[in-house]
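Below is the structure I would like to discuss, written out as structure tokens.
The values are calculated or read from the model by the stated rules, or taken from the named source; none is laboratory data. The structure presented is a predicted model; accordingly, all values stated were derived computationally and were not measured. Reconstructed Cβ throughout: ideal geometry from the backbone, glycine too, with neighbour counts over all protein chains shown.
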Amino acid sequence: MKLTVLGGGGFRVPYVYQALLNDQGSPRIDEVWLYDTDAGRLKAMTEVLAQFADGFPDAPRVSATTSLDEALEGSDFVFAAVRVGGLAARICDERVALDLDVLGQETTGPGGLAYGLRTIPVMLDIAHRVRRLAPDAYVINFTNPAGMITEAMQSVLGDRVLGICDTPSGLGRRIVASLGLDHARAQFDYVGLNHLGWMRRVLHDGEDVLPRLLADDERLGGLEEGVVFGREWLRDLGVIPNEYLYYYYFNRDAVRSILDAPQTRGEFLARQQAAFYERVTEAAAGAAVPLWRETVANRSANYMAEAKGTVQGEAEAEEGFTPDPAHQGYAGVALAVMAAISRNERATMILNVRNGSTVSALPQDAVVEVPVTVDANGVHPLSITQPGLHQAGLMQQVKAVEQLTISAALTGSRSDAVKAFSLHPLVDSVTVGRRLLDGYVDRVPEVAAVFGAGGR
């Protein structure tokens, strides 16, 4: 089977390839095509994968190309991890908002809307090419903002597009591990949108063990979410929120922390990635994998620094940290999706999928992040307990903003874009919403191109 990775020069690729190397099922992926617009990054990542493949006689063959159609043709699965505008645009996503004292973050708040505006047209073009060149392929979307992009692509490819985020599954693993329980025997009651959801129950052999965690000071305080939100707030909620809800529940704290930091996340990654690609090009034989591991360890240590009381770029990786997550994270989820569809190895996981009747408070065509079963017949959302008023209300408001953003990206409507920015709960101001749109149009060419000279 052929797997195509869009954004094939990016840092996520080795995670996926490691998962493929350890997959012994049949049929399996035996051909991987990397597509990227940057030939230099492709060359560097191909070298990293070649070193990972050493010692695996049946490793999937890797090809690299800057031709999108060549990469897509005949694919069985397509992984999409595309960053339109690169890290330069991400930095603008952050700084335009921060200059207005509004959250500057990649996927949450106005930065996520700017990211979506410029990315949706590109991803819809990709969807049309997939329909023409690989009509039987499933698209597994990693491209952020994942829920919004998945929803837009479904207008072309239907349920053959699903979105993956490792945050909900990672939360479930951490909860189970903190209690010393077997992850394989656990079921998760989770509901939300991408980067906006809540773990409401964790069933282990049918028993909800979440109250046990919430009552345990040591275990709850040691959980990553316990550090981010504090034990008291988690107990007040009675659930464990997705870590990105920090930006809603502690918005003023987050904005102040990011403003006070010497660099944003995007600025940190831009410097770090430039150094990596320069070093890997000049590295001695066999050094590409250690360099990648060192870089990823540093990236991970500084992830959501503002929520963890550290400074972006200054946190040190834990001693002995080895980024080899072939058995977990989004690489593991992606492999489970492919195995379920191609080999009918039925699996239950949390994905971004079409709502249907799953969450009654949201439109049927909305993409939600919920537990699903995946098999050879596709993706099947599980029945859930409906979210409470606080959860449903926040989901509705953010989903309305997402759908306005999709409309603006498709039609060039400035009116829809202004409404999207202004109605976002982390903006909550028409004046600021208009200034945000003007700022992104002025500073990000890919956003300006959405509206053109005649944008309404």
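Every residue, every condition in (1) out of contact with any Cys (no Cβ under 8 Å at 6 or more places or on another chain); (2) surrounded by fewer than 17 Cβ atoms within 10 Å (Cβ to Cβ); (3) farther than 25 Å from N298 by Cβ, yes or no:
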residue: L181; (1), (2), (3): yes, no, yes
residue: V191; (1), (2), (3): yes, no, yes
residue: E225; (1), (2), (3): yes, no, no
residue: E232; (1), (2), (3): yes, yes, yes
residue: Y246; (1), (2), (3): yes, no, no
residue: D260; (1), (2), (3): yes, yes, no
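If you take the residues of region 124-159 that are among the charged types (D, E, K, R) and in contact (Cβ under 8 Å) with a residue 40 or more places away in the chain, which of them is farthest from A336 (Cα to Cα)?
Here is the first cut: in region 124-159, the residues among the charged types (D, E, K, R) are 125, 129, 131-132, 136, 151, 159.
Now drop any that are not in contact (Cβ under 8 Å) with a residue 40 or more places away in the chain, which leaves 129, 136, 151, 159.
On the way: R129: 25, D136: 18, E151: 21, D159: 17 Å.
It comes out as R129.
How about region 208-257: which helices (runs of 4 or more DSSP H) wholly inside it have at least 2 residues that are of a type in the set (D, E)?
Details: elements: 210-214, 217-222, 224-229, 231-237, 246-249.
Hits in region 208-257: 217-222, 224-229, 231-237.
Determine which member of the set F52, F11, F56 is in contact (Cβ under 8 Å) with a residue 40 or more places away in the chain and not in a helix (DSSP H, G or I). Spell out the reasoning first.
On the way: F52 fails: not in a helix (DSSP H, G or I); F56 fails: in contact (Cβ under 8 Å) with a residue 40 or more places away in the chain.
Within the list F52, F11, F56, the selection yields F11.
Taking G266 as the residue in question, decide whether it is in contact (Cβ under 8 Å) with a residue 24 or more places away in the chain and under 23 Å from V176 (Cβ atoms).
Details: in contact (Cβ under 8 Å) with a residue 24 or more places away in the chain: yes; under 23 Å from V176 (Cβ atoms): no.
When the stated conditions are applied, G266 does not pass them.
Of the residues G158, G74, G147, only one is more than 30 Å from V427 (Cα to Cα), in contact with a Lys or Arg (Cβ under 9 Å, 6 or more places away or on another chain) and in a helix (DSSP H, G or I); which?
So the residue among G158, G74, G147 that is more than 30 Å from V427 (Cα to Cα), in contact with a Lys or Arg (Cβ under 9 Å, 6 or more places away or on another chain) and in a helix (DSSP H, G or I) is G158.
Kindly indicate whether R129 is out of contact with any Ser or Thr (no Cβ under 8 Å at 6 or more places or on another chain), at pLDDT 95 or above and of a type in the set (K, R). Before you say what the answer is, go through the steps one by one.
Details: out of contact with any Ser or Thr (no Cβ under 8 Å at 6 or more places or on another chain): yes; at pLDDT 95 or above: yes; of a type in the set (K, R): yes.
Taking the combined requirement at face value, the residue satisfies it.
Looking at region 269-286 only, could you name the residues that are surrounded by 14 or more Cβ atoms within 10 Å (Cβ to Cβ) and part of a helix (DSSP H, G or I)?
Filtering region 269-286 down to residues surrounded by 14 or more Cβ atoms within 10 Å (Cβ to Cβ) leaves 269-270, 272-273, 276-277, 279-280, 283.
Result: L269, A270, Q272, Q273, F276, Y277, R279, V280.
So if I check each of G238, G286, G222, G226, which one is of a type outside the set (D, E) and touching a residue at least 60 places away in the same chain (Cβ under 8 Å)?
Values: G238 fails: touching a residue at least 60 places away in the same chain (Cβ under 8 Å); G222 fails: touching a residue at least 60 places away in the same chain (Cβ under 8 Å); G226 fails: touching a residue at least 60 places away in the same chain (Cβ under 8 Å).
From the options G238, G286, G222, G226, the qualifying one is G286.
I'm told R231 meets every condition in (1) over 24 Å from the mean Cα position of the chain (by Cα); (2) within 30 Å of R95 (Cβ to Cβ); (3) of a type in the set (D, E, K, R) except one. Can you identify the failing condition by its number?
Single failed check for R231: (2).
For G266, which of the numbered conditions (1) surrounded by fewer than 22 Cβ atoms within 10 Å (Cβ to Cβ); (2) at pLDDT 95 or above fails to hold?
If we test G266 against (1) surrounded by fewer than 22 Cβ atoms within 10 Å (Cβ to Cβ); (2) at pLDDT 95 or above, just (1) comes out false.
Ok, one more. Condition first: part of a strand (DSSP E or B), touching a residue at least 40 places away in the same chain (Cβ under 8 Å) and touching a helix residue (DSSP H, G or I) at 6+ places or on another chain (Cβ under 7 Å). Now tell me which residues in region 166-190 satisfy that.
We begin by selecting, within region 166-190, every residue part of a strand (DSSP E or B); these are 186-190.
Now narrow it down to the ones that are touching a residue at least 40 places away in the same chain (Cβ under 8 Å): 187-190.
Hits for region 166-190 are F188, Y190.
A follow-up question, please. Could you list, in sequence order, all residues of region 27-42 that are over 11 Å from G7 (Cα atoms) and buried (at least 16 other Cβ atoms within 10 Å of the Cβ)?
R28, I29, V32
Oh, and also: Kindly state which helices (runs of 4 or more DSSP H) lie completely within region 341-456 and contain at least 3 residues that are in contact (Cβ under 8 Å) with a residue 12 or more places away in the chain and over 20 Å from P145 (Cα atoms).
Values: elements: 389-411, 414-423, 430-443, 445-451.
In region 341-456, the matching helices (runs of 4 or more DSSP H) lie at 430-443.
Pick from V289, V296: which is over 26 Å from Y115 (Cβ atoms) and either surrounded by 17 or more Cβ atoms within 10 Å (Cβ to Cβ) or not polar (S, T, N, Q) (or both)? It would help to see each step written out before you state the result.
Values: V296 fails: over 26 Å from Y115 (Cβ atoms).
Going through V289, V296 in turn, just one is over 26 Å from Y115 (Cβ atoms) and either surrounded by 17 or more Cβ atoms within 10 Å (Cβ to Cβ) or not polar (S, T, N, Q) (or both): V289.
Find the residue count for region 21-37, including only residues that are touching a helix residue (DSSP H, G or I) at 6+ places or on another chain (Cβ under 8 Å) and not aromatic (F, W, Y). Lay out the reasoning, then the answer.
Initially, region 21-37 is screened for residues touching a helix residue (DSSP H, G or I) at 6+ places or on another chain (Cβ under 8 Å), giving 21, 23, 25-29, 32-36.
Next cut, not aromatic (F, W, Y) only: 21, 23, 25-29, 32, 34, 36.
Result for region 21-37: 10.
Report yes if some residue within region 152-166 is buried (at least 23 other Cβ atoms within 10 Å of the Cβ), of a type in the set (G, A, S), in contact with a Ser or Thr (Cβ under 7 Å, 6 or more places away or on another chain) and within 20 Å of H380 (Cα to Cα); otherwise report no.
Yes.
If you take the residues of region 17-40 that are over 11 Å from A331 (Cβ atoms) and of a type in the set (S, T, N, Q), which of them is nearest to the chain's Cα centre (by Cα)? Before you say what the answer is, go through the steps one by one.
Step one: list which residues in region 17-40 are over 11 Å from A331 (Cβ atoms), which gives 24-40.
Next, only the ones that are of a type in the set (S, T, N, Q) stay: 24, 26, 37.
On the way: Q24: 27, S26: 28, T37: 20 Å.
Within region 17-40, the match that is nearest to the chain's Cα centre (by Cα) is T37.
Looking at V96, V130 in this structure, which one is over 19 Å from V430 (Cα atoms) and crowded, with 20+ Cβ neighbours inside 10 Å? Full working, then the answer.
Values: V96 fails: over 19 Å from V430 (Cα atoms).
Just one listed residue meets the conditions, V130.
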